[in-house]
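Single-structure report; data block below.
Every read-out reported here was derived from the displayed coordinates using simple, explicitly stated rules and does not represent laboratory data. What you are looking at is a predicted structure, and each value in this text was computed from that prediction instead of being measured. Here the Cβ is made from the backbone with ideal geometry for all residues, glycine too, and neighbour counts use every protein chain on show.
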Amino acid sequence: MKLIVALKQVPVRDSTLRIDPRSKWIEEDDLSYEINEPDAYALEEALLLKDQHGGEVVVLCAGPDRAASSIREALAKGADRAIHIVCDDLRDIDTLSLARRLAAAIKDEHPDLILTGLQSDDLGLGQTGVLMAEKLGMPHATIIMEVEKREGAVRVRRELEDGWFQWVEIPTPALLTIQSGIGKLRYATLMGIKKAKTKEIRRVEAADLPTTRASSVSLDRVYSPPRKKSAHMIAGSAAQAAAQLADILRFEVRVL
């Protein structure tokens, strides 16, 4: 069973973000980076499937040279090898362009399953996995909470709204986008860290992939949300005020 896990390197969640002078992105020089959390759960699910059924886990990552640290971390946790699409333009391309790039890099791999995180912690678009499935001509399922291998298929549990779940069986090869919290993340062992130093990382230059196209989306400006204060005075009797307050909390604030 061959499993490919697409992961992204993102700034550490607790990082202090500063907008660059051109208001086009954030200052990256003083940031620390980590594996995108939903992608970490996708990796964990792939490693569990490998533990249960055997096979190979291949990490796929697009990013600059610094992304190699996250790739090595995935290898230290148990992935067998990796494909690093070397590029510095992720902020300048749209999701479809990225999906084309990822799909082109693995066209000769012929995996049984491709796992991605549901969305990225930085942009949160939630589109890369499904677009990648479309470019590869694969069936896909999203918001996955459980995966069971079948003969020539996988049975998956999808998270729906209001605490509901849905079981779906789809043929393989297929692509799944994994929800955070699907399981408990493992740590890299000392032996795993040592082994990772000798595992293969195949570097692919993005310019060598046949995916060149004009981006259909451009980032116009990055800015901090404006801070504002306001007061809403509620008039009427106590019963009327309570009813108005309940409506505000339910329909405007949406906490009820």
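Taking only Cα atoms of the chain, what ratio of Rg to Rh do you get with Rh as the Kirkwood inverse-distance radius?
1.06
Among the DSSP beta bridges whose two residues both lie in the chain, what percent are antiparallel, rounded to the nearest 5? Display every interim value, and only then the final one.
On the way: 17 of 46 bridges.
Just about 35 percent of them are antiparallel.
If you place +1 on the Cβ of every Lys and Arg and -1 on the Cβ of every Asp and Glu, how big does the dipole about the Cα centre of the chain come out, in debye to the nearest 20?
220
Over all directions, the average projected area of the alpha-carbon convex hull for region 142-194 comes to how many nm²?
Mean projected area for region 142-194: 5.1 nm², to one decimal.
Highest GNM mean-square fluctuation, the chain, Cα pairs closer than 10 Å: which of Lys77, Lys228, Lys107?
Lys228
Of Leu113, Leu102, Phe165, whose Cα points farthest to the positive end of the dipole of region 2-208 (charges on the beta-carbon: +1 Lys, Arg; -1 Asp, Glu; origin at the Cα centre)?
Leu113
Counting pairs of alpha carbon atoms under 8 Å apart in space and at least six apart in sequence, what relative contact order in percent does region 2-208 give?
Averaging sequence separation for qualifying contacts and normalising by length gives 26 percent for region 2-208.
Which trypsin sites (Lys or Arg not before Pro) in region 1-75 sit in a loop by DSSP (not H, G, I, E or B) and have at most 15 other Cβ atoms within 10 Å of their own Cβ?
Here the trypsin sites (Lys or Arg not before Pro) that fit, given the DSSP loop and packing criteria, are Arg13, Arg18, Arg22, Lys24.
Using a cut-off of 26 Å between alpha-carbon atoms, which lysines can reach Lys135, once sequence neighbours fewer than 8 places away in the same chain are excluded?
Answer for Lys135, where 26 Å is the Cα cut-off: Lys2, Lys8, Lys50, Lys107, Lys149, listed by chain and number.
Rounded to the nearest 500, what is the 222 nm mean residue ellipticity of the chain from helices alone, with -39500 (n - 2.57) per DSSP H run of 4+ residues and division by all residues?
Value at 222 nm, helices only: -7500 deg cm²/dmol.
Could you work out how far helix 238-247 tilts from the main Cα principal axis of the chain, as a 0 to 90 degree angle to the nearest 10?
It works out to around 20 degrees.
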